[in-house]
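Asks: My questions will all concern the structure given below.
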Amino acid sequence: MRKKLIAANWKMHKTPQQAREFVDGLLPHVFDHQRDEIVLCPAFVAIPATVEAVGGSTIEVGGQDMYWEKDGAYTGAVSAHMLLAAGCTHVIIGHSERRQYFGETDETVNRKLRAALTAGLKPIVCVGEVLAERESGLTESILRRQCSIAFREISGTQAHALAVAYEPVWAIGTGKTATPELAADAHRVIRAEAAQALGDDAASKMRILYGGSVKPDNAKALMSQSEIDGALVGGASLDPRSFAAIVKW
């Protein structure tokens with residue numbers, strides 16, 4: 001049985017003080033929660049405050065992005081080693097918004113993923129199709145392409161630290177949600193691609209999260225699917241009570 005991972009992606013929200021206040025509101029609800037792994041992913045400037053606030057609990061902290069070089073003349077970039085030094089254990093790579101607004105490609109996702117694994121971070125790699133691709137029947141081919149490129153030059157042993165988040169882009173921020181059955185079908189495609197690239201053992205252990213408008217009222221139906229190993233939560237993770245309700249599905 002794969003332990004579910006519930007990750008909060010705060011995107012460009014929350015100052016350090018607001019991050020502290022969020023954790024203060026969340027901890028009473030989940031402090032003794034052991035069933036699932038909980039990760040908070042704040043903006044870079046709020047990482048130290050979040051790490052400090054969750055101290056003594058089982059909640060972990062991740063970055064929302066990273067660059068593949070260790071250091072250098074890359075203005076505005078943050079490396080895996082910087083995230084680790086700030087107290088992060090996880091990092092989101094290839095989120096659909098990074099692809100849409102900042103030019104992320106399948107190839108740069110692979111470079112970031114390899115750097116994250118080499119440094120010792122636990123990556124959450126995002127894949128998913130846009131509405132036009134789904135309506136054209138291209139979902140499976142898009143997922144296979146994104147995964148096959150992301151997994152290049154990664155060993156099955158390395159992959160044990162890796163999670164994949166399926167983001168149906170057409171469902172993010174729209175109020176739409178893939179049915180649990182549609183989501184599970186997509187997760188099976190991702191796991192099959194992982195098996196081909198990384199081996200059956202790595203694929204069977206890999207956690208595949210759902211990341212399309214997860215809310216307290218649909219979390220249980222989604223998490224009850226055997227192929228769904230957790231959630232990458234966006235807007236519903238900004239309120240501590242809402243996020244706690246998802247964690248405690």
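Asks: Could you grab me the full set of residues in segment 228-249 that are of a type in the set (D, E, K, R) and surrounded by fewer than 18 Cβ atoms within 10 Å (Cβ to Cβ)? Write out each step before concluding.
Replies: Going residue by residue through segment 228-249, those that are of a type in the set (D, E, K, R) are 229, 239, 241, 248.
Answer for segment 228-249, where residues must be of a type in the set (D, E, K, R) and surrounded by fewer than 18 Cβ atoms within 10 Å (Cβ to Cβ): ASP239, ARG241, LYS248.
Asks: Could you please find all residues in segment 24-49 being surrounded by 15 or more Cβ atoms within 10 Å (Cβ to Cβ), under 19 Å from the mean Cα position of the chain (by Cα) and farther than 16 Å from ILE92 by Cα?
Replies: Start the filter on segment 24-49 by keeping residues that are surrounded by 15 or more Cβ atoms within 10 Å (Cβ to Cβ), which leaves 26-27, 29-30, 33, 36-44, 46-49.
Filter again for under 19 Å from the mean Cα position of the chain (by Cα), leaving 36-44, 46-47.
Across segment 24-49, the qualifying residue is only ASP36.
Asks: Among the candidates ALA19, ALA85, ALA49, which residue alone is touching a Ser or Thr at 6+ places or on another chain (Cβ under 6 Å) and either in a helix (DSSP H, G or I) or under 16 Å from PRO240 (Cβ atoms) (or both)?
Replies: On the way: ALA85 fails: touching a Ser or Thr at 6+ places or on another chain (Cβ under 6 Å); ALA49 fails: touching a Ser or Thr at 6+ places or on another chain (Cβ under 6 Å).
Every option except ALA19 fails the conditions.
Asks: Right, next: What is the residue count in segment 228-248 for residues that are farther than 19 Å from ALA171 by Cα and not in a helix (DSSP H, G or I)? Write out each step before concluding.
Replies: Start the filter on segment 228-248 by keeping residues that are farther than 19 Å from ALA171 by Cα, which leaves 239-241, 244-245, 247-248.
Going one step further and asking which of them are not in a helix (DSSP H, G or I), we end up with 239, 248.
Qualifying residue count for the region: 2.
Asks: Just checking, how many residues over segment 206-227 are modelled with pLDDT of 95 or more and among the β-branched types (Val, Ile, Thr)?
Replies: So the answer is 1.
Asks: Mind counting the residues in segment 53-69 that are more than 26 Å from ILE208 (Cβ to Cβ), in contact (Cβ under 8 Å) with a residue 24 or more places away in the chain and surrounded by fewer than 22 Cβ atoms within 10 Å (Cβ to Cβ)? Show your work before the answer.
Replies: To start, the set of residues in segment 53-69 that are more than 26 Å from ILE208 (Cβ to Cβ) comprises 53, 55-56, 69.
With in contact (Cβ under 8 Å) with a residue 24 or more places away in the chain added as a condition, the list becomes 53, 69.
If we keep only those that are surrounded by fewer than 22 Cβ atoms within 10 Å (Cβ to Cβ) as well, we get 69.
Within segment 53-69, residues that are more than 26 Å from ILE208 (Cβ to Cβ), in contact (Cβ under 8 Å) with a residue 24 or more places away in the chain and surrounded by fewer than 22 Cβ atoms within 10 Å (Cβ to Cβ) number 1.
The values are calculated or read from the model by the stated rules, or taken from the named source; none is laboratory data. No experiment lies behind these values; they were computed from the predicted model shown. In this analysis, Cβ positions are derived from the backbone assuming ideal geometry, glycine residues included, and neighbour counts consider all displayed protein chains.
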